[in-house]
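The structure appears below as structure tokens.
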Amino acid sequence: ILIVLGLIFIGLALFMSQKMSKKAMVPIAKAFTRQKEFAADASHELRTPLAVLQSSLDAMDMTLRDEKDQFTEKLLKNMRQEVKRMTSLVGDLLTLARSDSNTVELRKDTFNLRQMAEDVLESVRPLADEKTISTSLDAPENLMVVADPERLSQLIYILLDNAIKYTPAGGAVKISLSQEECYVYITVNDTGVGIKDKDLNHIFERFYRADKSRSRQMGGHGLGLSIAKWIVETHKGTIEVSSELEKGSTFLVKIPRKME
Ligand code: ADP
């Protein structure tokens with residue numbers, strides 16, 4: 001009798017705990033969804049005042065054109081820099097919030113990845129020139145892929161921008177593209193500061209910066225690589241990094257040539 005009573009008790013306890021955990025699940029899941037929606041809405045709402053601030057600063061700059069003293073000039077420069085940094089941060093937060101709530105619809109276009117890499121390289125060249133960093137591209141003439149062009153160009157931008165940011169003056173940044181039957185490979189290599197072994201496993205995490213003061217100085221906020229990882233994963237690909245301190249880093253992306 002005791003064994004039967006014991007079994008009934010265990011059965012009842014299991015049944016109740018399952019029911020309770022189901023009940024508790026609903027509010028937690030709801031709260032989580034609400035939090036994601038809040039993050040997306042907040043980032044979205046911040047874009048308008050930032051755009052207004054940016055255009056007001058431009059207007060102020062134009063109006064005061066020749067009448068600015070050194071102090072005003074410095075203040076305006078700082079304000080423009082901070083608005084730029086915040087606009088980029090808000091943009092990144094919005095991308096991640098949307099990725100969390102699965103509200104991003106990927107486009108599916110056919111395009112030449114080499115052409116795209118050339119365009120992105122062109123857009124970051126002024127940053128490289130400023131630091132006398134040489135840039136190069138090694139890719140076949142035609143590398144047609146089916147993917148989301150906006151996201152892939154964002155991915156290439158993040159990797160090249162980082163490579164330039166974390167490479168001292170006089171270094172070199174190289175992007176190479178290659179293909180296999182079903183995959184394309186994007187490799188971004190630099191001769192920069194490198195990444196410590198203890199940081200390698202964390203750099204794709206949100207807000208993780210191996211060297212906070214250096215990253216902040218470079219205008220970073222630790223979200224670029226988490227966005228890069230998300231873009232690669234939505235394309236069912238992989239991203240890997242290898243690095244040697246004071247020698248440089250290599251990021252290797254592998255994605256299917258044709259998005260499903
Ligand atoms: P951040 O905005 O700080 O650059 P990321 O998410 O793009 O943020 O990168 C995370 C961290 O990884 C950076 O703060 C930096 O420490 C490290 N990192 C990324 N790319 C490189 C690179 N090419 N060389 C050295 N360190 C890098």
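Mind putting together the pair-distance distribution for the stretch 127-260? All Cα pairs, 5 Å bins, whole percent per bin, short to long.
Pair shares across the bins are 2, 10, 20, 24, 21, 13, 7, 2, 0.
Applying 1/(1 + (r/R0)^6) with R0 = 22 Å to the Cβ-Cβ distance of Arg47 and Glu105, what FRET efficiency is obtained, to the nearest 0.05?
It comes to 0.70.
Placing +1 on the Cβ of each Lys and Arg and -1 on the Cβ of each Asp and Glu in the chain, which of Asn162, Met86, Ser99 has its Cα farthest towards the positive end of the resulting dipole?
Ser99
Just going by the charge dipole of the chain, with Lys and Arg at +1 and Asp and Glu at -1 on Cβ, which of Met218, His202, Met116 is farthest out on the positive end?
Result: His202.
Debye calculation, C-alpha points only, no solvent: report log10 I(q)/I(0) for the chain at q = 0.11 Å⁻¹, in the same order as the q values.
Debye output, listed in q order: -0.75.
Which pairs, out of Lys108/Lys165; Lys84/Lys247; Lys196/Lys229; Lys74/Lys247; Lys77/Lys174, put more than 25 Å between their alpha-carbon atoms?
In this structure, Lys108/Lys165; Lys84/Lys247; Lys74/Lys247; Lys77/Lys174 lie more than 25 Å apart at Cα.
Over the chain, calculate the relative contact order: mean separation of alpha carbon pairs under 8 Å at least 6 apart, over the residue count, as a percent.
Working: 340 pairs, mean separation 41.0, N = 260.
About 16 percent, as a whole number.
What are the ³J(HN,Hα) couplings of the stretch 154-169, residue after residue, when phi is run through the Karplus curve with 6.51, -1.76, 1.60 and θ = phi - 60°? Round to Hz, x for glycine and proline.
Working through the residues one at a time gives 4, 4, 5, 4, 4, 5, 6, 4, 4, 4, 6, 4, 9, 10, x, 3 Hz.
List, largest first, the extents of the alpha carbons of the stretch 152-204 along their principal axes, each in whole Å.
35, 27, 18
Could you list Tyr185, Tyr157, Tyr166 so that the one with the fewest beta carbons within 10 Å of its beta carbon is first and the one with the most is last? Before the final figure, lay out the partial values.
Values: Tyr185 14, Tyr157 17, Tyr166 23.
Listing Tyr185, Tyr157, Tyr166 from fewest to most nearby Cβ atoms yields Tyr185, Tyr157, Tyr166.
Largest first and to the nearest Å, give the Cα extent of the stretch 71-200 along each principal axis.
Dimensions of the stretch 71-200 along the principal axes of its Cα atoms: 59, 40, 33 Å.
Mind listing the phi-derived Karplus ³J(HN,Hα) values for the stretch 235-246, rounded to whole Hz, using 6.51, -1.76 and 1.60 with θ = phi - 60°, and x for any glycine or proline?
8, 6, x, 9, 10, 10, 9, 10, 7, 9, 4, 6
Can you give the local net charge around Ile164? Use residues other than it whose beta-carbon is closer than 12 angstrom to its beta-carbon, Lys and Arg +1, Asp and Glu -1.
Taking every other residue near Ile164 into account, the sum is 0.
Each reported figure results from applying straightforward, stated rules to the coordinates on display, with no laboratory input. Fair warning: this is a prediction, and the values are worked out from it, not measured in the lab. FYI the Cβ positions are ideal-geometry reconstructions off the backbone, even for glycines, and counts take in every protein chain you see.
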